[in-house]
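Notes follow once the structure below has been shown.
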Amino acid sequence: MTLSSAVLLLAVAPILVFAASALLTGLVLDRLRRHAVLDRPGPRSAHAVPTPRGGGIAVLLALYPAWLLAVPLAGAEDGLWIVLGAALPLVAISWLDDLRNLSPAVRLPVHVVAVAIGLAAAAAGEAPPVFQGLLPGWLDLLVTGILWLWFLNLFNFMDGIDAIAGAETVAIGAGVALLALVVWPLAGALPLAMPGLTLAAAAAGFLVWNRPPAKIFLGDVGSIPLGFLAGWLLIETARGGAWAAALILPAVFVADATWTIVVRLARGDNPLRAHAEHVYQRAVREVGRSHGQVVAFVSLANLVLIALAVAAERESERGMALVGAAAVVLLLARRLLRPLPRADALKEPEP
């Protein structure tokens, strides 16, 4: 691929995906309303009125053609096709979950199978190790699989207020793309830059409708497959040698979800039982911050993390970048949970 055609592809594909995602989300919203596929408020809900859920269908309808058509032009490995195929059972089981609220015992085996297929594709293609050769090959795959499985589920756990999962998807996709373009020559960057940019664009198109106050939610049909695909991007980033960046980019979601489950396990709570104890949820429910305020703080933190991820690829700055990422996450949690002045401690009215 020539330089001019590569630049054109990088410029045009995200614009088309953004427009398709925004348009399709509006169409899906209408269908969900007609069929009353609604997320009804409950004790743990952060919304006050029934809201259509399942908007992730539109995001995936916009994203899949881009990854199937544009990404191979960029030189992506054949394993991408297998990963996209492995995501389809996740789409199906997650859609059923949105409709019928399936138990974890039904959902989790499908998650495991999807991750196993993705790992099998990597093993068959003799992909570089995620842990940079520190672990035996079989253990590298096993630990990667466990982390991938955790990531796609924590992505779902963190999708609890307007726009937060969409904003995180934009940050991860854009961060991976920027990192690839900065660190590797253009020919080597395209296999990650193209899926990263189009993933970010698809999520951004959805945010047109999902920004506070949200008119539509991703639903499990969106958050689970998007977590799976974003996890694949991070794994490929680590395989390319940028392991520190792969840790830094999703640090907000990983830290909040992991810390929360550790605290709950230490307290003897059932980790499979639904709750509203994540930092971002407490910021809304206990502190009184609006959805928009929380997402703005998270997005600002993600911008800093993207810069740190790029800096981490200079070996002399890697340690400081990792320490800086930990500091960003801690400062974010502290800021979100800081009590508001009394005059500001009113939540935004829900529609």
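Observations
- For the range 189-205, the criterion of being surrounded by 23 or more Cβ atoms within 10 Å (Cβ to Cβ), within 30 Å of VAL262 (Cα to Cα) and not aliphatic (A, V, I, L, M) is met by none of the residues.
- Criterion (under 20 Å from ASN101 (Cβ atoms), of a type in the set (D, E, K, R) and part of a loop (DSSP other than H, G, I, E, B)) met by exactly one of ARG33, ARG44: ARG44
- Only one of ALA327, ALA296, ALA276 that is over 18 Å from THR169 (Cβ atoms) and under 20 Å from the mean Cα position of the chain (by Cα): ALA276
- From the list LEU69, LEU88, LEU99, the lone residue that is farther than 30 Å from LEU9 by Cα and not β-branched (Val, Ile, Thr) is LEU99.
- Residue pairs whose Cβ atoms lie under 6 Å apart, sitting 6 or more positions apart in sequence or on different chains, and linking a residue in the range 255-279 that is closer than 25 Å to LEU331 by Cβ to a partner that is acidic (Asp, Glu) and part of a helix (DSSP H, G or I), are HIS278/ASP256; VAL279/ASP256.
- Residue match in the range 63-72 (condition: in a helix (DSSP H, G or I) and under 17 Å from GLY166 (Cα atoms)): yes
- Residue tally, condition assigned to a helix (DSSP H, G or I) and either in contact with a Pro (Cβ under 7 Å, 6 or more places away or on another chain) or loosely packed, with under 11 Cβ neighbours inside 10 Å (or both), over the range 1-14: 4
- VAL323 being of a type outside the set (Phe, Trp, Tyr) and farther than 30 Å from GLY188 by Cβ: no
- Where VAL130 falls short, out of the listed (1) surrounded by fewer than 18 Cβ atoms within 10 Å (Cβ to Cβ); (2) outside any helix (DSSP H, G or I): (1)
- Of the residues contained in the range 18-38, none is found to be over 24 Å from GLY160 (Cβ atoms) and touching a Pro at 6+ places or on another chain (Cβ under 7 Å).
- Criterion (closer than 17 Å to ILE306 by Cβ and either under 16 Å from the mean Cα position of the chain (by Cα) or assigned to a helix (DSSP H, G or I) (or both)) met by exactly one of ILE172, ILE161: ILE172
- For the range 92-109, the set of residues classified as surrounded by fewer than 20 Cβ atoms within 10 Å (Cβ to Cβ) and either over 22 Å from ARG273 (Cβ atoms) or within 21 Å of the chain's Cα centre (by Cα) (or both) consists of ALA92, LEU96, PRO104, ARG107, LEU108, PRO109, listed by residue number.
- Members of the range 212-259 found to be among the polar types (S, T, N, Q) and buried (at least 22 other Cβ atoms within 10 Å of the Cβ), listed by number: SER223, THR237
- Residue check, THR25 farther than 14 Å from THR198 by Cβ, surrounded by 14 or more Cβ atoms within 10 Å (Cβ to Cβ), touching a Gly at 6+ places or on another chain (Cβ under 8 Å) and of a type outside the set (A, V, I, L, M): yes
No lab work stands behind these numbers, since they all come straight from the coordinates. Everything quoted here is computed from the prediction, not taken from an experiment. Please note: Cβ atoms are built from the backbone with ideal geometry, for glycine as well, and neighbour counts cover all protein chains shown.
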